[in-house]
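Written out below as structure tokens is the structure these notes cover.
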Amino acid sequence: MSELQFAIPTLFGLEGICADELRRLELPQVRAENGRVLCAGTDADLPRLNLNVRTGERVLLVLGSFPARDFDALFEGVRALPWEDFIPREGQFPVKGHCLNSALHSVPACQSIVKKAIAARLGGKYRLNTLPETGALYQVQFSIMGDEAVLMLDTSGPGLHKRGYRAQGVAAPLRETLAAGLVLLSRYRGKDPLCDPFCGSGTIPIEAALIAKNRAPGLNRSFSAQKWGWLDKKHWMSAAGEAMDREFDGAYEIWGGDIDSEAVALARHNAQLAEVEDIVRFDVDDATRFHWGGLYGRVVTNPPYGERVMERREAEELYRAFGKAWDKFPEGWKLYLLSSHTEFERTFGKRADKKRKLYNGMLKCDLFMYL
Ligand SMILES: C[S@@+](CC[C@H](N)C(=O)[O-])C[C@H]1O[C@@H](n2cnc3c(N)ncnc32)[C@H](O)[C@@H]1O
């Protein structure tokens, strides 16, 4: 197949870092937009994207876009797209999507129009009144923003944050894509020590270990498009081979601590599932007494915010005590701390050198950077 267009939704704030990932994969026409990154590519890039992207939520194949101010325009625009090139006679094609700032604003109504238009197109091509929908899944996703409809197919299936290593979470686990984003924003390349003294289920240290080893995060899971007939199976094999060739071994200092022994046990278990237990260490430890030998390193961490895990006041006390522990670190250490607490800097006792707005789910947070 000729050139394809991809859209990779991201958590707000991670668009730039995800665009950098795509450039490192040498994909053409990379553009970061609000909440997503676009690029071009070939059939062979579809598996490469799914296997390698750390900070994107899924890989969507863009089939086309057109203005859609009313249902007729939506129906005709959808029917005009070459669905038969992608969805075979038996393919299942459920539809989901969203509308924003558009004349068409009822998602269920748009869903039903899109479904009917695809069924009309495929029914005509396959000469069937009713399509069986008994085969592989081709999840259709539409977005209608500012009266422009974009029609896409979801190539990933379960979100890319599902790496296959988290058996269960703790009370407030960080999404793997966001944890990887924090580590990449800290410019960690595997050289200096990396510590997370509020590690919970270990997501940040585990993602740091995957980054240090240059291990593709998707190697231990499957994707919807692996069942798609038009996509040559050899592309999946060669993408996995390429990813494994890029991996390297080394000696790393990656550590996670948590005051809760159950969280630490879970973090160790998750590290085993992720096959990085040989390079990450977890201990039960109190972050307010946390110290690490050595002149250089970085702390990347996600303490309680006082929203979900503990009350606001308790979080403030914790930040105050952690601020005192941080004062004893040598100057060569950097801190990257994610919190939604509006009084974080005041209670921690220092103004951040830089801040970056990020969303942890629906929660607006800042990444406080002490450089
Ligand atoms: C928001 S959770 C971290 C979640 C983690 N990033 C993950 O993905 O699972 C905060 C963690 O801080 C831990 N914690 C609270 N007070 C602590 C302290 N004084 N020292 C170390 N850990 C503490 C909690 O047990 C909890 O696991």
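The values are calculated or read from the model by the stated rules, or taken from the named source; none is laboratory data. In this text the structure is predicted, and so the values were computed from the model without any measurement. Every residue, glycine among them, receives a Cβ derived from its backbone with ideal geometry; neighbour counts consider all protein chains shown.
Table: residues versus (1) in contact with a Phe, Trp or Tyr (Cβ under 6 Å, 6 or more places away or on another chain); (2) at pLDDT below 95; (3) crowded, with 21+ Cβ neighbours inside 10 Å.
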| site | (1), (2), (3) |
| --- | --- |
| 139 | no, no, no |
| 152 | no, no, yes |
| 169 | no, yes, no |
| 173 | no, yes, no |
| 180 | no, no, yes |
| 198 | no, no, yes |
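Every condition in (1) closer than 20 Å to residue 230 by Cβ; (2) within 24 Å of the chain's Cα centre (by Cα) holds for residue 56 except the one numbered (1).
With respect to residue 42, determine if the residue is over 30 Å from residue 75 (Cβ atoms), of a type in the set (S, T, N, Q) and in contact with a helix residue (DSSP H, G or I) (Cβ under 7 Å, 6 or more places away or on another chain).
no
Look at (1) in contact with a Ser or Thr (Cβ under 9 Å, 6 or more places away or on another chain); (2) over 21 Å from residue 362 (Cβ atoms) and you find that residue 35 fails only one, number (2). Restricting the first member to region 290-312 and to residues that are farther than 16 Å from residue 196 by Cβ, and the second to residues that are at pLDDT below 85 and within 13 Å of the ligand (Cβ to nearest atom), the beta-carbon pairs closer than 7 Å and six or more apart or on different chains are 308/171; 308/172.
The strands (runs of 3 or more DSSP E) falling completely within region 298-371 include none with 2 or more residues that are β-branched (Val, Ile, Thr). Only a single item in (1) closer than 24 Å to residue 281 by Cα; (2) under 19 Å from the mean Cα position of the chain (by Cα); (3) surrounded by fewer than 18 Cβ atoms within 10 Å (Cβ to Cβ) is not met by residue 204, and it is number (3). The listed residues are 289, 308, 313, and the only one of them that is at pLDDT below 95, over 29 Å from the mean Cα position of the chain (by Cα) and near the ligand (Cβ under 9 Å from one of its atoms) turns out to be 289. Within region 201-242, being within 24 Å of residue 355 (Cα to Cα) and either away from the ligand (no atom under 15 Å from the Cβ) or modelled with pLDDT under 95 (or both) holds for one residue alone: 211.
Kindly indicate whether any position in region 61-83 is touching a residue at least 24 places away in the same chain (Cβ under 8 Å) and closer than 30 Å to residue 182 by Cα. Yes, some residue in region 61-83 is touching a residue at least 24 places away in the same chain (Cβ under 8 Å) and closer than 30 Å to residue 182 by Cα.
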